[in-house]
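The structure appears below as structure tokens.
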Amino acid sequence: MAGAIIENMSTRKLCIVGGILLVFQVIAFLVGGLIAPSPTTAVPYMSVKCIDVRKNHHKTKWLMPWGPNHCKKLKDFDEAVSRQIEANDIVFAVHVPLPTKEMSPWFQFMLFIMQLDIAFKMDNDLKENAEITLDVSLAYRDDTFSDWEEIAHAIENRKLKCTFSSPKTLESEGRHYDCDFLPFMEIGSVAHKYYLINIRLPVNERKGINVGIGEIKDIRLVGIHQNGGFTKVWFAMKTFLTPSILIIMVWYWRRITLMTRAPVLLEKVIFALGISMTFINIPVEWFSIGFDWTWMLLFGDIRQGIFYAMLLSFWIIFCGEHMMDQSERNRLSGYWKQVGPIAVGSFCLFIFDMCERGVQLKNPFYSIWTTEVGTELAMAFIIVAGICLCLYFLFLCFMVFQVFRNISGKQSSLPAMSKARRLHYEGLIFRFKFLMLITLACAAMTVIFFIVSQVTEGHWKWGDITIQVNSAFFTGIYGMWNLYVFALMFLYAPSHKNYGEDQSNGDLGVNSGEELQLTTTITHVDGPTEVYKLARKEAQE
């Protein structure tokens, strides 16, 4: 009778905890949807054509598109021809941000893409697979009076992919090609108020540089940066969640160290998952407000990669520990076939990221997408990652189905137990199913997050209420990962409850060699968790 009361109280407590976590999950989505603005903002920039006839001009002078010290401007290239100004003496200047505005460290990063306005001309047609060479320079200053300080200078090549819908005749001259956007620049911090971009298109007919690229009329840039309001909400969430996970981690590991036995594999993996979650939570981004840390984007990718690898490994081990289909239990080596590919895949993605954002630490104009080989490799990584994620989700669903089927088959032995013992194990099964369903929901939300992050951001408008969809998913999924790790450590922490030796395997109605292998959220101080205490032989058979 006492066991039944204890079990009913435990089940009721579990429902209360689940309800509280659900409330926090809803709050996490609403914070992003209702409080935070959209994660990013796109700002279009039109370059200004400046004249600079001096040699080595990029080393001695920066050309401003507007302001008191603005450059001598060209209206169009027809004016350049009439004034006998060569192409090598024309500089496309872009000032970031627009007039009367300032950039802020709260913007976190800047990403620029380029669009070329290319007109069709019979005697200067755009060749197939043409390649444009850019001589680009980037500078900064923090007030309107100081000299510009150079950040980077590079000579980059970009392949032009353009189509022309009209027939190429004299009547079509002046019409523009439809060209794809080109990756231009990415910086991992916005530490200064003003930025200046100077772009030159050097022409060398003998070497074939910028020959056959058509008649370029204008260069447009689109700058994308993180919204300052979203950054503040994001930092606030990190600052709040970091101590929350740290406290539950300390409590969880303390409960484990109080036991006389050594920690089992599942407990170690859960603790490692908590460490990886804490690694993401620690709000080191606060330092980026005062320091020019251009490596923060790369560091963020590494942190997320470690957590994803740990999360995928945990799901495999969690399901495998309850599959009852292998003789080697409680050993990581028993899962090398499943965990090995996760480690190899994570390492490959790390190398890929180092080849992109790692190089951008020195050259922000570099992009792996600028070459055919780089583009194919990058697309291959994205497609393979998407396919692997979907296949992994299907495989996880199959494993969950097998675990539920195995438990259902073993439940036939429950009627032979004493009432208290039966209620106890029914509660254990309920808690296991509860946690498995949470795991499945977490996997589903992760897939949704991956898909949504690949499409254009938008918002939903219900009457006077506007919900920022992407912001809601960012904060909601981030909150979900934290709540999931919190729930794992809370439910799988060793319990001080002891049901006594009188309610041992004899109550099951089967001998010790035919014990059931179930799972539990309760472990005993004097021994292993129920998942390892209840029957190995059944699994071996």
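The values are calculated or read from the model by the stated rules, or taken from the named source; none is laboratory data. If you're wondering where the values come from, they're calculated on a predicted model, not measured in any experiment. FYI the Cβ positions are ideal-geometry reconstructions off the backbone, even for glycines, and counts take in every protein chain you see. Note: accessible area is taken over every heavy atom of the protein model, side chains too, but ligands, DNA and RNA are not part of it. Shrake-Rupley method; radii C 1.70, N 1.55, O 1.52, S 1.80 Å.
Over 32 Å between C-alpha atoms is what I'm after, so list which of Lys232/Lys268; Lys75/Lys159; Lys49/Lys193; Lys193/Lys217; Lys168/Lys207; Lys159/Lys337 land there. In this structure, Lys232/Lys268; Lys159/Lys337 lie more than 32 Å apart at Cα. As an exercise, use a Förster radius of 45 Å and the Cβ-Cβ distance of Ile247 and Phe393 to find the FRET efficiency, rounded to the nearest 0.05. Efficiency, rounded to the nearest 0.05: 0.90. Ranked by the mean number of other Cβ atoms within 10 Å of their residues, highest first, the peptides 148-159, 270-281 come out as 270-281, 148-159. Between the range 187-242 and the range 90-135, the C-alpha centres lie 9 angstrom from each other.
Report note on the peptides 188-200, 300-312, 16-28: ranked by the mean count of other C-beta atoms within 10 Å, highest first, their order is 188-200, 300-312, 16-28. For the pair Lys75 and Asp123, the difference between a 0.36 nm per residue extended length and the Cα-Cα distance amounts to 15.1 nm.
Here Ser165 sits with roughly 120 square angstrom of accessible surface, probe radius 1.4 Å. Here the gap between Trp336 and Phe490, fully extended at 0.36 nm per residue and compared with their Cα-Cα distance, gives a gain of 52.7 nm. Each residue, Lys101 and Cys355, gets one label point 7 Å from its Cα in the Cβ direction; the gap between the two is 3.5 nm. Legend: calculated FRET efficiency, Ile448 to Asp89, from the Cβ-Cβ distance at R0 = 60 Å, rounded to 0.05, equals 0.70. Modelled spin labels at Ala380 and Trp66, positioned 7 Å past Cα toward Cβ, are 4.6 nm from each other.
Protection proxy ranking of 174-182, 204-212, by the mean of other Cβ atoms within 10 Å over each peptide's residues and highest first, is 174-182, 204-212.
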